[in-house]
1. Being within 16 Å of ligand 3 (Cβ to nearest atom) and in a loop (DSSP other than H, G, I, E, B) is the filter; apply it to segment 170-184 and report the residue that is nearest to D283 (Cα to Cα).
2. Got a number for residues in segment 36-79 being of a type in the set (K, R), over 20 Å from T405 (Cβ atoms) and outside any loop (DSSP other than H, G, I, E, B)?
3. Across segment 421-442, what is the number of residues that are surrounded by fewer than 23 Cβ atoms within 10 Å (Cβ to Cβ) and in contact with a Gly (Cβ under 7 Å, 6 or more places away or on another chain)?
4. With the structure loaded, tell me whether D346 is crowded, with 19+ Cβ neighbours inside 10 Å and acidic (D, E) or whether it fails that test.
5. Would you check which residues across segment 21-44 are within 26 Å of R415 (Cβ to Cβ) and buried (at least 18 other Cβ atoms within 10 Å of the Cβ) and list them?
6. Kindly provide the set of residues from segment 264-294 that are surrounded by fewer than 19 Cβ atoms within 10 Å (Cβ to Cβ), part of a helix (DSSP H, G or I) and in contact (Cβ under 8 Å) with a residue 24 or more places away in the chain, ordered by number.
7. Which pairs have Cβ atoms under 6 Å, sit 6 or more apart or on different chains, and link a residue in segment 64-76 that is among the aromatic types (F, W, Y) to one that is surrounded by 15 or more Cβ atoms within 10 Å (Cβ to Cβ) and assigned to a strand (DSSP E or B)?
8. Here are some residues: P130, P117, P122. Which one is farther than 22 Å from V398 by Cα and in contact (Cβ under 8 Å) with a residue 40 or more places away in the chain?
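The values are calculated or read from the model by the stated rules, or taken from the named source; none is laboratory data. Please read these numbers as outputs of a predicted model, since none were measured by experiment. Here Cβ is always computed from backbone atoms with ideal geometry, including for glycine, and neighbour counts include all displayed protein chains.
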Amino acid sequence: MCHGGCGAWLHVKNGRLTAIEGHPDAPFNRGALCPKGRATLELVDHPDRVRSPLRRTGTRGGGSWQQVSWEVALDDIAGRLNDLMNRFGPETVAFGQGTGRHHYLDVLRFANALGVPNVIEPGGAQCFLPRVTVSKHMYGDFPTADYLGDTPPACVLVWGGNPVVTGPDGKVLFAAARLLKCADVTIVVDPCRSETARHCTLHLPIRPGTDAALALAFLNVIIKESLYDADFVQHWVTDFDEFSQGIEPFTPEWAAPITGLDAEVQIRRAAQLYATHRPGVLDWGMAIEQTGRPFDTCWALAALRAITGNLDIPGGDCFGAHVQHSAPVNRGAAAEALIEKRLGGDRFPFLGGRQAHIRLAHAPSLFQAMLTGKPYLVRAFLVFGNNTLTAYPNPNRVQEALLSTDLLVVSDFFRTPTAELADYILPAAAWPEVDDVVALPYIAENVLQAQQQVIQTGDCRCDEWIMGELARLLQVDFIPSNRPDQLDHRLQRTGLTFAELCERGWYIAPSQYRKYENRGFRTPSRKVELIPAVFRQISSRSVPMYQEPPETPVSRPDQAAEFPLILITGARRMHYFCSEGRALPSLRRARPEPCAEIHPATAAAYGVGEGAMVRVVTLHGEAIFRAAITEAIRSDVVSVDFGWWFPEVPTPDHGVWTSNANLLTDSEAPYDPAFGSYRLRGLLCRIERVDEKSPKKESE
Ligand SMILES: Nc1nc2c(c(=O)[nH]1)N[C@H]1C(S)=C(S)[C@@H](COP(=O)(O)OP(=O)(O)OC[C@H]3O[C@@H](n4cnc5c(=O)[nH]c(N)nc54)[C@H](O)[C@@H]3O)O[C@H]1N2
Ligand SMILES: Nc1nc2c(c(=O)[nH]1)N[C@H]1C(S)=C(S)[C@@H](COP(=O)(O)OP(=O)(O)OC[C@H]3O[C@@H](n4cnc5c(=O)[nH]c(N)nc54)[C@H](O)[C@@H]3O)O[C@H]1N2
Ligand SMILES: [Mo]
């Protein structure tokens, strides 16, 4: 359901789900389930679940809906798409989706089939894909920790993530926690003492947005003190001398005032520990992609792994078995032709251009095109599982953009504030209602698990089916990846059929290490490239650079008096997955309200007591949170929950304008030069006490 991969037994009686248990032998979770997994029954049977297609009856966003059949809904949607595409070309249609779910690649292939150039997903520029793309250019593949091997890592360095809560990217939180337990040295880089930090021997409470500076200083220490793996570097790494020269100025003493860390006992010591405790895992999280310049930060961190020889060794960061046989996404003349038309494709080569791992459009530019008709008209938007109003910065503008289209279709489980703006809401199938192959960890694909449909709820259908039906009506060539023959096809490399995989539950590829010794790395030089040629085209330098983020007390001293604190948004919480789960009673009881974590000294300075309501104000807007006062955060940082809306508020906006973290963030330039990323963390803010009883306003 999430980035999961937890094996579970689903108990079914008379076609209804009656219980869920963690599967005791499942490769990653070994019997455990998190609260979100345990709430599955509350999700599938929820009284507010959308169970049949809904057609808008009144004005847009007015909240009046009529149930219609799939046939009526899809005929009308296909007819209107056809009409718009005939008038304005296929670029008048755009797709949106959320973080990686089973239908992720189907949306991209469906877009290619239709000639639709613009698919947006919050992750392209802000989550995971920057790490993947940079790794592909430098190593030819994306490495993940050796979760299933027999050799424990000697060191785990967690950077800008909280994996024991989030288990992101198909690696599962329980496996991440096990890894931390067995390592000798564990280090975490995080402005907060997160749940992961509490498992670690060394915590570096970095100033938000300065990760590239710290990573450069790590490289400097490791190179200067000759702590790198000289043998690996000599045989398998290009451009080491040029790179080393470039790194010379970035000493721990240079990085200390930037990062707010001590040069000797924090920076130098951590770099030495990571370099000398091998095998080492560097587990990087999504914080490094949300502070504005993931290109440089990912480059520096990727270089760290390479020079310490931790790639593809037992207990290190390993390349996957790629045991799934997937249909290609970017290949073919049709996909190539779309690059020219893609919004942001020319400006951000790693987001939407030929060198992107997954080609996506630049979200702020797409919303802009909807509003202005420039560079061309975008009149239809189909959303397959994304709460657009909570996921993107500047939700006021996002709402204007969505309302300006001629056709808005949203497929979801619930009438979210975003779905309420649509012409049609399509009832999406939840995970116990879908057959699929789940390949974990993402990109690496070492484990294939069977996801089996065990129940059917109302008229709910999976997104792949919806796209398949639209393709049929629009007469384009697209085959859903979970059609029975496709499931078998995807399992080719295992020699199993889908039915056989269902019998076994999962397939684990045998671990193989140092695969590069046979065929080299999958880069042009067949080696790890510290300065790939394509990086030279993007950067004016031969090493990653640190640039002070555009909105900090250092870069904007003029604003710092009024906004003296630093805001981070969206650190993940155990009970919710992004904007989901707010309607599920067990989850809502555990975390009833959106919180702002504030250090006691800061709270005292602002006269804010535990549990008080606070208004967080930035240069971009304001939102309201419950104060959670904690020592586990830097005193100059405030951390707010993201994704909040209030399903119980009866107006169609469901309270999305009260505590939506993206009212506080920034969608404007400057953007990351490679990915077009904007800033969700590391923004100037202040807090104010609010003397209201409840954070929920009815409506604006
Ligand atoms: N300020 C701030 N903004 C952020 C972030 C942050 O940290 N701070 N994080 C960013 C990141 S990393 C991400 S990934 C995005 C998250 O953005 P998304 O991944 O889009 O998450 P949601 O906004 O929860 O939207 C997902 C919607 O899809 C529905 N859904 C779930 N499964 C399915 C399915 O199989 N089919 C269909 N049709 N619907 C489904 C859910 O009910 C929910 O309404 O937000 C980004 N935005
Ligand atoms: N339970 C749960 N699990 C989830 C999700 C969820 O919503 N709930 N969402 C999923 C999604 S879409 C994603 S992308 C992943 C994200 O999962 P992770 O990659 O683990 O990212 P976060 O939870 O955002 O953890 C980021 C940590 O980064 C810290 N941080 C904030 N700013 C900075 C900074 O500038 N530098 C550094 N070094 N650290 C910083 C925060 O304090 C936080 O502890 O989780 C996935 N898993
Ligand atoms: Mo994400």
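1. Within segment 170-184, the match that is nearest to D283 (Cα to Cα) is K171.
2. Start the filter on segment 36-79 by keeping residues that are of a type in the set (K, R), which leaves 36, 38, 49, 51, 55-56, 60.
Now drop any that are not over 20 Å from T405 (Cβ atoms), which leaves 36, 38, 49, 51.
Filter once more, so that each one left must be outside any loop (DSSP other than H, G, I, E, B): 36, 38.
Of the residues in segment 36-79, 2 are of a type in the set (K, R), over 20 Å from T405 (Cβ atoms) and outside any loop (DSSP other than H, G, I, E, B).
3. So the count comes out to 2.
4. Numbers: crowded, with 19+ Cβ neighbours inside 10 Å: no; acidic (D, E): yes.
Spelling it out, it is not the case that D346 is crowded, with 19+ Cβ neighbours inside 10 Å and acidic (D, E).
5. We begin by selecting, within segment 21-44, every residue within 26 Å of R415 (Cβ to Cβ); these are 34-44.
Passing the criteria: C34, K36, G37, A39, T40, L41, L43, V44.
6. Step one: filter segment 264-294 for residues surrounded by fewer than 19 Cβ atoms within 10 Å (Cβ to Cβ), giving 264-265, 269, 272, 276, 278.
Okay, now just the ones that are also part of a helix (DSSP H, G or I), so 264-265, 269, 272, 276.
Passing the criteria: R269, Q272, T276.
7. Here the result reads W65/L54, each pair linking segment 64-76 to a residue that is surrounded by 15 or more Cβ atoms within 10 Å (Cβ to Cβ) and assigned to a strand (DSSP E or B).
8. Values: P117 fails: farther than 22 Å from V398 by Cα; P122 fails: farther than 22 Å from V398 by Cα.
The unique qualifying residue is P130.
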